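A short reminder: the numbers here are calculations on the coordinates, not readings from a lab. Because the structure is predicted, anything quoted here is derived from the model rather than measured. Cβ: placed from backbone, ideal geometry, glycine included. Neighbour counts: every protein chain shown.
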Amino acid sequence: MSAAPVLGGTVTADEADEAAESLTIVKARHPWRWIASAVVLVLLAMAVNALITNPAWDWAIVGEYLFAPSVLEAVAFTIQLTVLGIVLGFLLGTVLALMRLSRSPLLVSVAWSYVWLFRSVPLILQLLFWYNLAILYRRISFGVPFGPALFDIGTMDLIGPVTAAVIGLTLHQAAYAAEIVRSGFLSVDQGQLEAASALGIPRTRQLFRILLPQAMRTIVPTAGNEIIGLVKGTSVVYIMALPELFYQVQVIYNRNGRVIAMLLVAAIWYLLLTTVLSVAQYYVERRFGRGAARALPPTPLQRVRGVLAVRRAARDQRLVDLGGGR
Amino acid sequence: MSHPMVDVRGVHKSYGPLEVLRGVDLQVQPGEVTVVLGPSGSGKSTLLRSINHLEKIDRGYVRIDGELIGYRRAGDRLFELKEREILRQRTHIGFVFQSFNLFPHLTVRQNVTEAPISAQRRPRAEVERLADLLIEQVGLGDKAGAYPRQLSGGQQQRVAIARALALRPKVVLFDEPTSALDPELVGEVLEAMKSLAGSGTTMIVVTHEIGFAREVADTVVFMDDGRIVEQGPPSQVLDDPRHDRTRAFLSKVL
């Protein structure tokens with residue numbers, strides 16, 4: 001039958017029967033995809049060339065200052081502000097979200113008003129308020145509400161610029177975190193709580209074992225956004241003359257006049273921090289994705305290993321074939 | 001004479017102006033299987049959910065094994081219990097949902113062991129042994145480490161049954177356990193329920209599976225419009241109904 005001519009791609013019934021399994025599949029060609037890729041590659045090469053060859057970028061100065069002790073200290077301070085802002089912000093935000101979802105109308109309205117207020121006023125304004133708190137309240141006293149004070153302390157001593165920055169970032173972040181956590185709780189199927197109560201699982205256990213892990217699937221991507229936003233958002237505290245990364249590079253370029261190079265130093269560090277966070281987010285999402293899909297997709301590392309394994313197998317096969325042919 | 005395992009007396013329940021239960025009385029003896037039939041909207045599910053206090057009733061009371069559910073009686077007043085107490089009472093009442101409601105982020109074994117460990121504070125080793133046994137009994141011995149979404153609907157519902165049984169409940173309530181299943185998966189769930197009934201478990205089953213009612217039920221209850229219209233052994237209610245409404249319903253589903 002194989003001698004029969006095949007015209008215009010038609011296959012006779014006999015041939016189809018016989019050849020079905022031995023036919024080779026040829027993948028469709030995509031010439032435009034190749035052309036588009038080539039164009040993008042050329043553009044990329046031009047961009048890289050422009051970055052490297054133009055001496056105005058001052059790469060030597062960038063290299064010199066990238067790991068300068070003052071810059072490293074500033075990076076550490078930026079990380080510290082971010083961690084404090086995120087951890088405290090999400091703690092307060094979770095409390096606010098639970099208040100908002102509670103059955104008490106008072107708690108609901110207080111939480112709602114908080115979010116309304118702290119989302120409405122620009123962060124930079126809030127920071128200046130906290131920085132200048134001493135103008136409003138000279139001394140802060142601790143004691144019975146509306147009753148006698150046990151002790152009091154000067155506002156300036158209690159709330160220095162660093163504390164003011166942390167408070168400002170935390171309170172601002174909490175308003176956004178509250179909405180993120182609330183959306184996470186709302187995304188969990190009502191039947192989950194019903195099943196948990198029907199089983200008699202205690203309330204706090206329902207929250208932490210059943211509700212929160214499922215809410216995390218919705219919370220993590222948005223929270224990742226917020227954390228990355230805050231890494232860069234900490235740069236606004238430069239108005240309080242705090243030595244975080246952005247303020248520090250300004251100090252340096254005011255001294256040495258290498259503005260672009262110093263801004264590059266800051267940009268590279270922000271890039272680095274964000275990259276680490278993005279990778280971390282990927283793995284945290286996988287962790288909370290357990291059970292969400294029938295099978296978890298492989299990590300990039302596993303994918304690379306998979307491809308290599310296939311290549312190796314193919315090469316070994318070729319060697320075997322060659323050996324057999326001889 | 002021994003008291004009934006489940007004792008529902010004069011239960012009323014409204015959602016706003018809509019009266020869903022209008023005075024329901026139902027007694028289930030220990031070891032008995034009661035199947036509740038009725039058109040949708042007749043209040044079957046609400047009755048079932050009232051028994052474990054997922055719905056708060058407006059009037060009447062429910063007792064399980066003599067214990068008042070959701071309330072404490074002092075004189076002629078019923079004081080609502082604290083949530084902690086109600087949760088403790090629910091551990092005596094198994095509940096199987098139409099939509100399974102397994103915890104998707106926990107494995108089959110974790111789904112089964114969660115409540116006995118956290119709600120009943122039983123020792124982990126004992127609970128895990130029981131869980132493996134129950135998972136085996138519902139025919140999923142090889143799936144203990146799987147996540148619910150890796151299972152078929154019928155398998156998930158069988159896990160849900162194992163999960164309810166792990167609490168060693170005095171009664172198990174089934175709320176249309178096969179209604180969300182593909183037709184070819186219904187049989188395996190009914191089979192699991194049948195063997196459970198055979199082991200002497202007290203069960204109340206809301207379902208549309210007339211065949212199951214005929215074969216397994218000790219008592220069939222027909223509800224319509226928030227009331228129990230008639231009840232009795234399956235041979236009587238299913239084959240020789242006294243009430244027109246029962247007859248009309250059966251002629252539609254049979």
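Remarks
- With the convex hull drawn around the C-alpha atoms of region A:58-118, the volume per residue stands at 100 Å³.
- Listed cross-link partners B:LYS44/B:LYS82; B:LYS56/B:LYS170; B:LYS56/B:LYS194 are compared with a 24 Å cut-off, the Cα-Cα value being larger for B:LYS44/B:LYS82; B:LYS56/B:LYS194.
- Within region A:143-224, the chymotrypsin sites (Phe, Trp or Tyr not before Pro) that combine a DSSP coil assignment with at most 12 other C-beta atoms in a 10 angstrom radius are A:PHE146.
- Pairs of alpha carbons in region A:149-232 separated by more than 18 Å make up 59% of all such pairs.
- Of all DSSP-defined beta bridges confined to chain B, some 60% are antiparallel rather than parallel.
- Here, region B:57-123 is characterised by an Rg to Rh ratio of 1.06, where Rg is the alpha-carbon radius of gyration and Rh the Kirkwood radius.
- From its DSSP helices (H runs of at least four residues, each -39,500 (n - 2.57)), chain B gives a residue-normalised ellipticity at 222 nm of -11000 deg cm²/dmol.
- Taking 18 Å as the straight-line reach from the Cα of B:LYS13, the aspartates and glutamates in range (excluding those fewer than 8 positions away in the same chain) are B:ASP25, B:GLU55, B:ASP58, B:GLU80, B:ASP175, B:ASP224, B:ASP225.
- Reciprocal of mean inverse Cα separation for region A:80-239 (Kirkwood radius, Å): 17.5
- Kirkwood hydrodynamic radius (C-alpha pairs) into Stokes-Einstein, the protein assembly as shown, 4 °C and 1.567 mPa s, D in µm²/s: 43
- Each semi-axis of the equivalent ellipsoid for chain A is √(5λ) with λ an eigenvalue of the Cα gyration tensor; in descending order they amount to 55, 35, 17 Å.
- Radius of gyration and maximum dimension Dmax of chain B, Cα, Å: 18.2, 54
- Paramagnetic reach from A:LEU107 in region B:61-105 [backbone N under 19 Å; point 7 Å along Cα→Cβ]: B:81-87
- When the alpha-carbon atoms of region A:107-152 are used, the pair Rg, Dmax equals 14.5, 36 angstrom.
- Sparse-neighbourhood loop sites, trypsin sites (Lys or Arg not before Pro) in region B:25-63 - DSSP loop, at most 12 other Cβ within 10 angstrom: B:LYS56
- Among A:TYR114, A:LEU150, A:LEU84 - extreme Cα towards positive end, dipole of chain A, charges at beta-carbon: A:LEU150
- Measuring nothing but alpha carbons in region B:1-63 and taking Rh as the Kirkwood radius, the Rg to Rh ratio lands at 0.98.
- Charges were assigned to the Cβ only: +1 to each Lys and Arg, -1 to each Asp and Glu. The resulting dipole of the protein assembly as shown about its Cα centre is roughly 1540 debye.
- For B:LYS170, distant residues with modelled amide H under 5 Å away: B:ILE93, B:GLY94
- Averaging over all projection directions, the Cα-based convex hull of region A:20-73 occupies 8.4 nm² in the image plane.
- Separation of alpha-carbon centers, region B:177-233 and region A:21-45, rounded to whole Å: 60
- The helix-based estimate of mean residue ellipticity at 222 nm for chain A, built from -39,500 (n - 2.57) per DSSP H run of four or more residues and divided by its residue count, is -23500 deg cm²/dmol to the nearest 500.
- Within the protein assembly as shown, antiparallel bridges make up roughly 65 percent of the DSSP beta bridges whose residues both belong there.
- Estimated Rh, region B:155-238: Kirkwood, alpha-carbon pairs, angstrom: 13.6
- Put simply, the C-alpha atoms of region A:115-194 give a gyration tensor, and the ellipsoid matching it has half-axes of 34, 19, 10 Å, longest first.
- Selected from A:PRO213, A:ALA223, A:ILE135, residue furthest toward positive end of dipole (region A:80-239; charges at beta carbon): A:PRO213
- Coordinate range along principal axes, alpha carbons of region B:1-119, Å, largest first: 43, 36, 34
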